[in-house]
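Just below is one structure, and these are the notes that go with it.
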Amino acid sequence: MSQDADKRQAERNLRIERAKILQEALPYIQQFSGSTIVIKYGGHAMESDELKRSFARDVALLDVVNMRPVIVHGGGPQIGALLERLNIPSQFIAGQRVTDPQTMEIVEMVLTGRVNKEIVKELQKAGAWAVGISGKDGRLIEAEKLVLPGPDGQPVDLGLVGRVREVNTDVIEALERAGGLIPVVAPVGGDGDGNTYNINADNFAGALAGALRAEKLILMTDVEGVLDSGGKLISTLDRATAEKFIGDGTIRGGMIPKVQCALDALGDGVRKVHIIDGRVPHALLLEIFTDKGIGTEIVEAAE
């Protein structure tokens with residue numbers, strides 16, 4: 001066979017493989033059409049220009065096939081960078097940024113004024129219609145002060161760090177009725193006294209997914225997913241096994257709060273939670289539209 005013939009055959013094989021991928025995706029597109037998918041967007045996927053574009057195209061595709069993506073984003077590195085530039089020291093307790101009023105001003109400015117609008121811009125460049133809001137808009141998130149118990153049993157004051165007390169989904173539903181606008185939500189919320197709180201983005205996304213009765217909550221991270229004691233990726237995890245693995249130390253460190261967030265969301269009515277590696281290009285599509293996925297799927301009970 002000539003080199004030209006070899007090249008033509010290779011091109012045909014590539015087209016066939018692409019067709020197989022589309023065929024594999026079809027039943028998932030049909031199954032999830034009309035479903036709400038809440039995506040917590042964070043980690044390295046927010047810092048790499050290539051991954052930003054990849055993520056935006058993935059979300060635009062979800063929108064085109066009649067899914068209803070809702071994005072909640074983080075912004076810790078961007079907040080930290082600006083605080084450092086302004087010579088404002090950062091303090092963390094149990095992984096939470098201690099947030100005094102001055103720091104809260106920076107947090108809100110970075111999350112709602114910079115990061116949020118950059119995500120909206122990328123989505124619109126990819127052909128999607130998006131609008132940036134925060135948990136304060138339309139009273140989407142009613143927050144309250146988060147209090148952590150200290151080692152001596154006394155509460156630890158983290159300042160203006162909050163937790164979700166109540167979710168009012170009217171503003172999200174209004175955006176959907178307005179023509180399928182994709183909400184991009186910054187994880188800050190307010191209380192009835194006019195205080196603004198910095199809220200962990202995973203927990204914010206989980207609470208929102210539960211209130212929306214989302215089909216899926218997807219947590220984008222900088223790791224493959226949940227690993228077993230031998231370091232192998234666990235593709236599917238049910239509640240009982242997850243709780244067992246937390247108890248025996250198989251799930252440890254920073255993965256514990258992510259898995260607990262997933263279990264809380266399942267308890268609130270989310271059907272499935274996925275923890276995926278946002279460093280992988282098109283991670284969203286690979287997880288949602290392929291048979292094997294790429295991360296860990298967490299469900300209430302084994303099927």
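Taken across the range 88-97, residues that are in a loop (DSSP other than H, G, I, E, B), open to solvent by 10 Å² or more (accessible area, probe 1.4 Å) and among the hydroxyl-bearing types (S, T, Y) do occur, with at least one present.
Annotation: I141 fulfils all but one of (1) closer than 18 Å to I199 by Cα; (2) of a type outside the set (G, A, S); (3) open to solvent by 50 Å² or more (accessible area, probe 1.4 Å); (4) touching a residue at least 40 places away in the same chain (Cβ under 8 Å); the unmet one is (3).
Being among the small types (G, A, S) and either surrounded by fewer than 24 Cβ atoms within 10 Å (Cβ to Cβ) or part of a loop (DSSP other than H, G, I, E, B) (or both) is the filter here; which residues of the range 170-200 pass it? Give the steps one after another, and end with the answer.
So the first thing to find is which residues in the range 170-200 are among the small types (G, A, S), and the list is 174, 178-180, 186, 189-190, 192, 194.
Residues satisfying the conditions are A174, A178, G179, G180, G190, G192, G194.
In the range 260-271 there is no residue matching the filter, namely being farther than 30 Å from R139 by Cβ and not polar (S, T, N, Q).
For the range 144-154, which residues satisfy the criterion of being surrounded by 12 or more Cβ atoms within 10 Å (Cβ to Cβ) and either closer than 15 Å to A94 by Cα or of a type in the set (A, V, I, L, M, F, W, C) (or both)?
Quick first cut of the range 144-154, residues surrounded by 12 or more Cβ atoms within 10 Å (Cβ to Cβ) only: 144-148, 150.
Once the filter is applied, which keeps residues that are surrounded by 12 or more Cβ atoms within 10 Å (Cβ to Cβ) and either closer than 15 Å to A94 by Cα or of a type in the set (A, V, I, L, M, F, W, C) (or both), the range 144-154 yields L146, V147, L148, G150.
Screening G267 against (1) surrounded by fewer than 17 Cβ atoms within 10 Å (Cβ to Cβ); (2) within 22 Å of M46 (Cβ to Cβ) leaves a single unmet condition, (2). Evaluated against (1) over 18 Å from the mean Cα position of the chain (by Cα); (2) at pLDDT 95 or above; (3) within 20 Å of V184 (Cβ to Cβ), E122 falls short on exactly one condition, (1).
Could you list, in sequence order, all residues of the range 218-229 that are open to solvent by 70 Å² or more (accessible area, probe 1.4 Å) and more than 22 Å from L51 (Cα to Cα)?
Within the range 218-229, the subset open to solvent by 70 Å² or more (accessible area, probe 1.4 Å) is 224, 229.
Residue satisfying the conditions is S229 alone.
Examine the range 201-217 for a residue that is open to solvent by 40 Å² or more (accessible area, probe 1.4 Å), in contact with a helix residue (DSSP H, G or I) (Cβ under 6 Å, 6 or more places away or on another chain) and part of a loop (DSSP other than H, G, I, E, B), and state whether such a residue exists. No, every residue in the range 201-217 fails to be open to solvent by 40 Å² or more (accessible area, probe 1.4 Å), in contact with a helix residue (DSSP H, G or I) (Cβ under 6 Å, 6 or more places away or on another chain) and part of a loop (DSSP other than H, G, I, E, B).
Considering (1) part of a strand (DSSP E or B); (2) over 13 Å from the mean Cα position of the chain (by Cα); (3) closer than 22 Å to K136 by Cβ, the lone condition that I298 does not fulfil carries the number (3).
Go through V147, V98, V115, V110 for me and flag whichever is among the hydrophobic types (A, V, I, L, M, F, W, C), farther than 17 Å from V38 by Cβ and free of Cβ contacts under 8 Å to residues at least 12 places away in the same chain. Write out each step before concluding.
Numbers: V98 fails: free of Cβ contacts under 8 Å to residues at least 12 places away in the same chain; V115 fails: free of Cβ contacts under 8 Å to residues at least 12 places away in the same chain; V110 fails: free of Cβ contacts under 8 Å to residues at least 12 places away in the same chain.
Exactly one residue qualifies, and that residue is V147.
For the range 155-167, give me each residue that is within 21 Å of the chain's Cα centre (by Cα) and either open to solvent by 50 Å² or more (accessible area, probe 1.4 Å) or free of Cβ contacts under 8 Å to residues at least 24 places away in the same chain (or both). First the steps, then the outcome.
Pass one, the range 155-167, residues within 21 Å of the chain's Cα centre (by Cα): 161-167.
Scanning the range 155-167 gives R163, R165, E166.
Residues satisfying the criterion are present in the range 117-126 (criterion: more than 22 Å from G206 (Cα to Cα), open to solvent by 40 Å² or more (accessible area, probe 1.4 Å) and not charged (D, E, K, R)). With respect to (1) in a strand (DSSP E or B); (2) open to solvent by 50 Å² or more (accessible area, probe 1.4 Å), the lone exception for L237 is condition (2).
Taken over the range 274-290, the criterion of being in a loop (DSSP other than H, G, I, E, B) and open to solvent by 20 Å² or more (accessible area, probe 1.4 Å) is satisfied by R279, V280, P281, H282, T290.
The values are calculated or read from the model by the stated rules, or taken from the named source; none is laboratory data. Worth saying up front: this structure is predicted, and the values here are computed from it rather than measured. For neighbour counting, all protein chains shown are included, and Cβ atoms are generated from backbone atoms with ideal geometry for every residue, glycine included. Accessible surface areas use protein heavy atoms only, side chains included; no ligands, DNA or RNA. Shrake-Rupley method; radii C 1.70, N 1.55, O 1.52, S 1.80 Å.
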